[in-house]
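Colleague: Take this structure, written in structure tokens, and hold onto it; I'll ask about it next.
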Amino acid sequence: MDTAQLQKALWEMPIETLLTEIPEIQNSMVHLIQSNKDMKEFDPEGTDPDLTLAIEENEALLQRQDKRIDLTLEVIRERVNEAAAREMGSSVATFRDRYIKESAPTVEEGVYL
């Protein structure tokens, strides 16, 4: 779904559903992060091409979901109010600090050219 379609869908959602969208995305992200961690532990050298591909696909999906969270926050700000967007934004910042920074590769795990 492209950004315009997603934004339209978010605008058409009942507000109660809109406000649950971010926690649902975050839940999905936690599972993807854990899945990547498990695959990396199973294949620490990254020699299994199937696992490597799955990790790359999960990372791409995580980036798309993170952008979806930002778009959802914008729609909440516009449809509900600034206070609700700030509250959700605070929750998102805590989530990103806990899960996204934690799952980012360290220098040792990075890609070397």
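None of the figures in this text is laboratory data; all of them are computed from the coordinates on show. Just so we're clear, the structure is a prediction, and the values are computed from it rather than from any experiment. We place every Cβ from the backbone using ideal geometry, glycine too, and count neighbours over all the protein chains shown.
Colleague: Assign one of three labels to segment 4-63, namely rounded, prolate or oblate, based on the Cα gyration tensor with a ≥ b ≥ c the square roots of its eigenvalues; rounded applies when a/c is under 1.5, prolate when it is not and a/b is larger than b/c, and oblate otherwise. Present the calculation step by step, with values, prior to reporting the outcome.
Modeller: Working: a/c = 6.24, a/b = 2.58, b/c = 2.42.
It comes out prolate by the Cα gyration axes.
Colleague: Next question. Using the alpha-carbon centroid of each, what span in Å lies between segment 46-102 and segment 1-39?
Modeller: Comparing the Cα centres of segment 46-102 and segment 1-39, I get a distance of 8 Å.
Colleague: So what's the net charge close to Leu10: Lys and Arg +1, Asp and Glu -1, counting the other residues with Cβ under 15 Å from its Cβ?
Modeller: Values: positive: Lys8, Arg64, Lys67, Arg68, Arg77, Arg79; negative: Asp2, Glu12, Glu16, Glu21, Glu24, Asp70, Glu74, Glu78.
Summing Lys/Arg as +1 and Asp/Glu as -1 gives -2.
Colleague: Here is a follow-up. Using alpha carbons only, what's the Rg to Rh ratio of the chain with Rh from Kirkwood? Before the final figure, lay out each step's value.
Modeller: Values: Rg = 16.3 Å, Rh = 15.5 Å.
Result for the chain is an Rg/Rh of 1.05.
Colleague: For the chain, what does -39500 (n - 2.57) per DSSP helix run (n ≥ 4), summed and divided by total residues, give at 222 nm, in deg cm²/dmol to the nearest 500? The partial results should precede the final answer.
Modeller: On the way: 4 runs with 83 residues, N = 113.
Roughly -25500 deg cm²/dmol at 222 nm, from the helical runs in the chain.
Colleague: In degrees, nearest 10, range 0 to 90: what is the angle between the Cα axis of helix 15-42 and the longest Cα principal axis of the chain?
Modeller: On a 0 to 90 degree scale, this one is about 0.
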